[in-house]
1. Which of the following residues is surrounded by 14 or more Cβ atoms within 10 Å (Cβ to Cβ) and either over 22 Å from E159 (Cβ atoms) or among the small types (G, A, S) (or both): L81, L36?
2. Scan segment 39-55 for residues that are crowded, with 18+ Cβ neighbours inside 10 Å and either touching a residue at least 40 places away in the same chain (Cβ under 8 Å) or part of a loop (DSSP other than H, G, I, E, B) (or both) and jot them down.
3. Yes or no: T90 within 26 Å of C6 (Cα to Cα) and in contact with a Phe, Trp or Tyr (Cβ under 9 Å, 6 or more places away or on another chain)?
4. Restricting attention to segment 26-33, does a residue exist that is part of a strand (DSSP E or B) and among the basic types (K, R)?
5. Do you know which residues across segment 123-147 are among the β-branched types (V, I, T) and outside any helix (DSSP H, G or I)?
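We did not get these values from a lab; they are worked out from the coordinates using the rules stated. The structure displayed is predicted, hence computed values, not measured ones. With ideal geometry, Cβ positions are generated from the backbone for all residues, glycine too; neighbour counts draw on all protein chains shown.
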Amino acid sequence: MTLHFCQDTDLSLERRIPATPAAVWRCWTEPALMKLWFCPKPWRVTEAVVDLRPGGRFFTRMQGPNGEGETCDSNSDGCLLEVEPERRLTFTDALRADYRPNGSGFMTATITMMPDGAGGTLYRAVILHNDAAAREKHEQMGFATGWGLTTDQLAALAETL
């Protein structure tokens, strides 16, 4: 599947991570590892579910340092759309597990991991939004800072694997 980037509705982040695609993949797909990097500290992930198959559940519950954010309903559930080990992972919050409509979707994310030829990974996250307003909202929520910090945390963890 080819992903077409649209500046009006999409956000992206690209990095070179000095860890193998296999290590980066593990960080994205093993719930115990996701809990260590998936949200900017001092926030933390208290629950992670990755049913690693197309149609599988993709869910994280985050909690702030003062307990904020702990209450989430089923609309926080997401669905995996593409699962290409050590290469590509696509998920959305527009669907729940088994492609069931969620009713409140905000984004679809495609994460790609390619060997960089030097033992590391060319990492790209492309976040698709329904319209320019949703993209702007995500940008104002701190996309660049939040996804940047979590990617730094992901890289640091992946280097240890």
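1. Values: L36 fails: either over 22 Å from E159 (Cβ atoms) or among the small types (G, A, S) (or both).
None of the others qualify; the one that does is L81.
2. The one that is crowded, with 18+ Cβ neighbours inside 10 Å and either touching a residue at least 40 places away in the same chain (Cβ under 8 Å) or part of a loop (DSSP other than H, G, I, E, B) (or both): C39.
3. No: the conditions fail for T90.
4. Scanning segment 26-33, I find no residue that is part of a strand (DSSP E or B) and among the basic types (K, R), so the answer is no.
5. Those that are among the β-branched types (V, I, T) and outside any helix (DSSP H, G or I): V126, I127.
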